[in-house]
1. Pick from segment 20-77 the residues that are among the acidic types (Asp, Glu) and within 14 Å of the chain's Cα centre (by Cα): which of them is most open to solvent (accessible area, probe 1.4 Å)?
2. Going through segment 47-83 one residue at a time, which ones are part of a helix (DSSP H, G or I) and in contact with a Leu (Cβ under 9 Å, 6 or more places away or on another chain)?
3. List every residue pair whose Cβ atoms lie under 8 Å apart, where the two residues are 6 or more positions apart in sequence or sit on different chains, the first residue falls within segment 1-22 and is on the phi > 0 side of the Ramachandran plot, and the second residue, located anywhere, is assigned to a loop (DSSP other than H, G, I, E, B) and modelled with pLDDT of 85 or more.
4. Does residue 31 count as acidic (Asp, Glu) and in contact (Cβ under 8 Å) with a residue 12 or more places away in the chain?
Amino acid sequence: MSRGAGTLTAASSGAFDALPVTLASRVGDPEGKTSPEELLAAAHAGCFITSLGSELHGGGHPSERIDLTCTITMDEVEGQGHQI
């Protein structure tokens with residue numbers, strides 16, 4: 001693995017294998033690669049939207065479609081290092 005690059009694998013589920021990730025995908029041009037922040041945003045959005053959809057359906061208001069956008073940002077906070 002080179003400095004600032006590697007791969008991510010979902011070992012338990014097998015949903016993805018050897019997904020390329022680089023420092024550039026986190027702080028610059030992703031060039032078609034993902035970042036841990038993008039995966040975290042997808043996980044949060046997935047948790048929220050499935051819960052919301054279930055609550056709406058259980059309350060008698062099933063939805064045909066729900067659109068959700070989630071953004072996770074990593075930034076350096078003075079004196080605290082990188083924060084998400």
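1. In this case the residue turns out to be 38.
2. 48, 49, 52
3. 18/9
4. Judged against the criteria, residue 31 is not a match.
The values are calculated or read from the model by the stated rules, or taken from the named source; none is laboratory data. Bear in mind that the values here come from a model prediction, so they are computed numbers and not experimental data. For neighbour counting, all protein chains shown are included, and Cβ atoms are generated from backbone atoms with ideal geometry for every residue, glycine included. The accessibility values were calculated without ligands, DNA or RNA, using every heavy atom of the protein model including side chains. Shrake-Rupley method; radii C 1.70, N 1.55, O 1.52, S 1.80 Å.
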